[in-house]
1. Give segment 163-189 a look and list any residue that's under 15 Å from the mean Cα position of the chain (by Cα), aliphatic (A, V, I, L, M) and surrounded by 20 or more Cβ atoms within 10 Å (Cβ to Cβ), or say none.
2. Looking at Tyr116, Tyr89, Tyr25, which is the one that is surrounded by fewer than 16 Cβ atoms within 10 Å (Cβ to Cβ) and at negative phi?
3. For segment 206-237, which positions are under 30 Å from Gly148 (Cβ atoms) and either without any contact (Cβ under 8 Å) to a residue 12 or more places away in the chain or in a loop (DSSP other than H, G, I, E, B) (or both)?
4. Checking Leu170 against (1) part of a helix (DSSP H, G or I); (2) touching a Pro at 6+ places or on another chain (Cβ under 7 Å), which test does it fail?
5. Quick one: count up the residues across segment 204-219 that are in contact with an Asp or Glu (Cβ under 9 Å, 6 or more places away or on another chain) and either among the β-branched types (Val, Ile, Thr) or crowded, with 16+ Cβ neighbours inside 10 Å (or both).
6. Take segment 1-43 and flag every residue that is charged (D, E, K, R) and in contact with a strand residue (DSSP E or B) (Cβ under 8 Å, 6 or more places away or on another chain).
7. Consider Asp81 carefully, then state whether it is of a type in the set (Asp, Glu) and free of Cβ contacts under 8 Å to residues at least 60 places away in the same chain.
8. How many residues does segment 113-139 contain that are of a type outside the set (A, V, I, L, M, F, W, C), outside any loop (DSSP other than H, G, I, E, B) and farther than 16 Å from Ala87 by Cα?
Amino acid sequence: MRLKGKVAIVTGAASGFGAEIARLYAREGARVVIADLNEAGAQKVAAEIGLDAIAVTCDVSKRPDIDRAVKTALDTFGGLDIVVNNAGYTHKNQPFLNVDEATFDRCFDVNVKAIYHMINAVVPMMRASKAGCIINIGSTAGMRPRPGLSWYNASKGAANLLSKSLAVELAGDNIRVNVICPVMGDTGMLGDFMGVPDTPENRARFIATIPMGRLSMPRDIANAALFLASDEAAFITGVELPVDGGRTV
């Protein structure tokens with residue numbers, strides 16, 4: 001088991017990439033806090049995993065909710081080794097002038113400010129133990145932006161660069177920070193990303209831009225997150241890892 005004895009928080013883990021990361025972490029020996037605004041979904045994933053998981057309702061844009069998730073990890077499992085900032089939000093694919101301020105704010109609150117809150121909540125204890133692993137879920141949108149998603153692209157570009165900056169600053173404390181950059185995935189946000197009816201024809205046009213010929217799947221992101229959290233990646237930090245079938249080449 002590659003994560004035996006480790007404790008992890010995975011945000012946005014009620015579905016999609018986060019749920020698969022949590023399941024894989026648990027199979028590999030970790031105990032996992034399933035943190036999500038969707039309380040029922042989080043409870044369902046935790047129940048599927050069993051005794052090695054606990055659900056906590058969490059709006060990642062709110063510091064008290066982040067603190068509650070961290071406290072849950074400490075109180076329930078006795079520590080915290082790994083954080084996966086997976087929760088994400090997007091506006092619908094549309095001209096950037098059509099995106100209202102509230103939607104803009106929500107994009108940056110969930111995709112960027114949530115990392116700020118989590119870093120401030122967990123880094124002091126990780127520094128004290130001289131160990132820690134933080135994985136942010138960015139996006140290829142922050143590397144190779146697509147039209148119609150300008151504000152989302154910008155938020156993910158910030159998450160990507162922030163991860164590398166944090167890696168440099170925290171390396172001396174043996175805290176590793178990496179960012180996984182998925183290409184568009186077959187998740188609940190796919191319709192918003194497409195910006196056009198999600199028909200087989202429209203999906204095929206986008207897939208044609210991915211050299212390996214398919215969308216990302218939750219298992220792809222989970223496998224990358226497992227490697228980066230494992231001891232095999234002990235000397236890897238500051239990596240902006242595309243999981244994209246060649247899309248950003």
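1. Scanning segment 163-189 gives Val177, Val179, Ile180, Val183, Met184.
2. Working: Tyr89 fails: surrounded by fewer than 16 Cβ atoms within 10 Å (Cβ to Cβ); Tyr25 fails: surrounded by fewer than 16 Cβ atoms within 10 Å (Cβ to Cβ).
After ruling out the rest, the residue left standing is Tyr116.
3. Ile207, Ala208, Thr209, Ile210, Pro211, Met212, Gly213, Arg214, Leu215, Met217
4. It is condition (2) that Leu170 fails.
5. So the answer is 5.
6. Of the residues in segment 1-43, the ones charged (D, E, K, R) are 2, 4, 6, 20, 23, 27-28, 31, 36, 39.
Once the filter is applied, which keeps residues that are charged (D, E, K, R) and in contact with a strand residue (DSSP E or B) (Cβ under 8 Å, 6 or more places away or on another chain), segment 1-43 yields Lys6, Arg31, Asp36, Glu39.
7. Details: of a type in the set (Asp, Glu): yes; free of Cβ contacts under 8 Å to residues at least 60 places away in the same chain: no.
Spelling it out, it is not the case that Asp81 is of a type in the set (Asp, Glu) and free of Cβ contacts under 8 Å to residues at least 60 places away in the same chain.
8. From segment 113-139, those of a type outside the set (A, V, I, L, M, F, W, C) are 113, 116-117, 120, 124, 127, 129-130, 132, 136, 138-139; that's our starting set.
Narrowing further to those that are outside any loop (DSSP other than H, G, I, E, B): 113, 116-117, 120, 124, 127, 129, 132, 136.
Then keep just the ones that are farther than 16 Å from Ala87 by Cα; that gives 120, 124, 127, 129, 132.
Residues meeting the conditions: 5.
Every number in this text was worked out from the coordinates using simple rules, so none of it is lab data. It should be emphasised that the depicted structure is a prediction, and the values quoted were computed from it without experimental measurement. So basically every Cβ, Gly included, is an ideal-geometry build from the backbone, and we count neighbours across all protein chains shown.
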